[in-house]
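In what follows, a structure is listed as C-alpha cells, so that the remarks can point back to it.
No value in this document is a laboratory result; all are computed from the given coordinates. For clarity, every value in this text was computed on a predicted model and none was experimentally measured. No Cβ is skipped: glycine too gets one built from the backbone with ideal geometry, and neighbour counts run over all protein chains shown.
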C-alpha cells in the first residue's frame, strides 16, 4: 500500500500543478473575450479565430482541470443520502462510484476520443469558418483531460482504500497539515 500511496501522491502533484497553471487560462479567456467584444462592437472588426480561441480556452480549463477539481472534491455531488451516513459508508460509496462509473466512463471517453484527435492531427483539420483555427489542439484536450481525470480517480480510490485500512487520515477532511505531509509523516513514524 505504501507504493500505491506514493503513486497517489505523484498523481495528486501532477493534477495540482496542471490545475494551478491552467486556471490562469480563465484570465486569458476573459481578456480574449473582452478584446473580441471590443473589436467586434466598437471597432466593427470581427474574427472567427478569436471566437474559436475563446472556445479552445474554455475547453482547456474545463477538461484539463477536471482531475484538479476531483482532487479537491469540488465536483457537483448530491449527498442527500450519503451525507447522513458514516464516513466509512461514504468512502465505500465513493469506491463503488469510482470503480463502476468514473473510471470506466473516463477510460472509455479517452479511448474513443484518441482516434478523433489522431484523425484531426493527420489530416491537419481546420475550422470550417473563414479565418478559423486548426482543430487538433481542441481535439487533443478531450483525451488528455479525461486521462487526467482517470488518473485522479485512481488516486482517490487508493486514498479511500488506505483510509478504510486506517493508514491515512480522512482524505475528504480539510487538514491543518496537507494530506501529503500527513501521509509522509505517518510513514516516517513507522
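Odds and ends about this structure:
- Here the extension length gained between residue 73 and residue 21 equals 16.9 nm, from 0.36 nm per residue of separation less the Cα-Cα distance.
- Over the chain, Cα pairs under 8 Å with separation of 6+ residues give a relative contact order of 29 percent.
- For the stretch 93-137, projected area of the alpha-carbon convex hull averaged over all directions, nm²: 4.1 nm²
- Highest average packing first - 35-43, 55-63, 85-93, 148-156, Cβ atoms within 10 Å: 148-156, 55-63, 85-93, 35-43
- Column: log10 I(q)/I(0), Debye, Cα scatterers of the stretch 54-137, q = 0.12 Å⁻¹: -0.56
- P(r) weight above 31 Å for the stretch 2-189, C-alpha pairs, percent: 32 percent
- According to the Kirkwood relation over distinct C-alpha pairs, the hydrodynamic radius of the stretch 124-165 is 12.8 Å.
- In degrees, nearest ten, helix 48-64 long axis to first principal axis of the chain (Cα): 10 degrees
- Between residue 49 and residue 31, the distance separating the two model label sites (each 7 Å from Cα on the Cα→Cβ line) works out to 1.7 nm.
- P(r) tail fraction, the stretch 1-77 - alpha-carbon pairs more than 22 Å apart, %: 42 percent
- The stretch between residue 38 and residue 105, if pulled fully straight at 0.36 nm per residue, gains 20.1 nm over its current Cα-Cα span.
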